[in-house]
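Just so you know, all these numbers are worked out from the coordinates, no wet-lab data involved. Please read these numbers as outputs of a predicted model, since none were measured by experiment. Positions of Cβ are generated from backbone atoms using ideal geometry, with glycine treated the same way; all protein chains shown enter the neighbour counts.
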Amino acid sequence: MIAGALGGGHLALIVVGALIVVRVGVGATRRRRMGTRQDDGGGGRPVPADGAAPKVVRRTAPPSPTQVGEPVLDVRDLTVTYGPKRAVDGVSFAIGRGEIFGLLGPNGAGKTSTLSAIEGLVRPRTGTIEIDGLDVWHRPIEAKRKLGVQLQATSFQSELTIREIVRLYAGLYGIGLTDDEILERLRSSGLGDDADRPFKHLSGGQQQRLSLLVALLHEPVLLLLDEPTTSLDPQSRRQLWSRIEHIRDGGGSILLTTHSMEEAQAVCERVAIIDYGTIVAIDAPSRLVEEHRDDPRALAVARGEVTLEDVFIALTGSDIRE
Ligand SMILES: Nc1ncnc2c1ncn2[C@@H]1O[C@H](COP(=O)(O)OP(=O)(O)OP(=O)(O)O)[C@@H](O)[C@H]1O
Ligand SMILES: [Mg+2]
């Protein structure tokens, strides 16, 4: 169980707030729109050139949000808008204790926006989000205490050393760690020899390990990882898989986004495929493959046996997104 003694939750808010800067930067790079019309109701789904109403085909049964007994995360009917843009459109899903759940979707599908709403960084237009039974908007401080977050792009103060960064964030979370305890945590993340290196000199893999360590400092019950393995080498990627499986095996819950179907298949108990802000499928990866083994759309793109990636393309189409 990654839950443990939790303290300084109000300061956890500050940490999430500090990281907003990074998220805003990421969002700002996403303003380029694909060929969607401004009058498409804000949904972003491409409108046929002839102006006919876009066909919305739900190809699998609507997912049940209550597939898990006692959810650690319960998202119901979540809608997130940015002005006229409907980035998340009525999304519901639940994650159980000790589950690794993957949120998959093409670029611009609404994955980060979903995570932002769970993190309390954007206010949903509709819907409810509960973390371990706590409503994120009505009990934000207690809910955020239970949450560990690694954003899609995380940056720390570049001149600070790893050791200083861990001490700073432990302080913000209200966790008293001795120098030996900090070093022990760094060692367990494979950063023991780099404790005195400034952040700006770290490799991508080291930065990723540090941001995961920081996300876990306050021992959250739910960990949100937005594309945690993008740009990692195979060794670092496998190490991250082992770490999150270890967290899962201890009863922790993880929600991750990824573009790697191999990763989703390797570590996720269940995945949801989101497209244009709507969940189009939700199930165990192996069951999705099984369900679509004879699907002509999957067979048309398969290069041998139908894989999860073939199912993903069958459900979301072949067009390049944002
Ligand atoms: N701050 C914002 N202002 C306006 N539009 C935004 C903002 N953030 C995201 N969007 C738009 O909302 C939609 C969903 O974006 P989001 O970042 O959630 O997608 P994503 O699934 O995480 O994509 P990616 O795989 O590229 O990270 C996109 O069309 C994006 O351009
Ligand atoms: Mg994203």
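For Lys146, give me every one of the aspartates and glutamates with a C-alpha distance below 12 angstrom, ignoring sequence neighbours fewer than eight places off in its own chain.
Within reach: Glu119, Glu130, Asp132, Asp135, Glu219.
Report the extension gain between Glu142 and Asp179 in nm, rounded to one decimal, defined as 0.36 nm multiplied by the number of residues separating them, less their alpha carbon distance.
10.5 nm
Ordered by packing density, taken as the mean number of other Cβ atoms within 10 Å over each peptide's residues, highest first, how do 214-220, 75-81 rank?
214-220, 75-81
For the peptides 274-281, 185-192, 161-168, what is the packing order when you average, over each peptide's residues, the other Cβ atoms within 10 Å and list the highest mean first?
Ranked by mean Cβ neighbours within 10 Å, highest first: 274-281, 161-168, 185-192.
Rounded, prolate or oblate, given the Cα gyration tensor of region 130-169, with a/c below 1.5 counting as rounded?
The shape class here is prolate.
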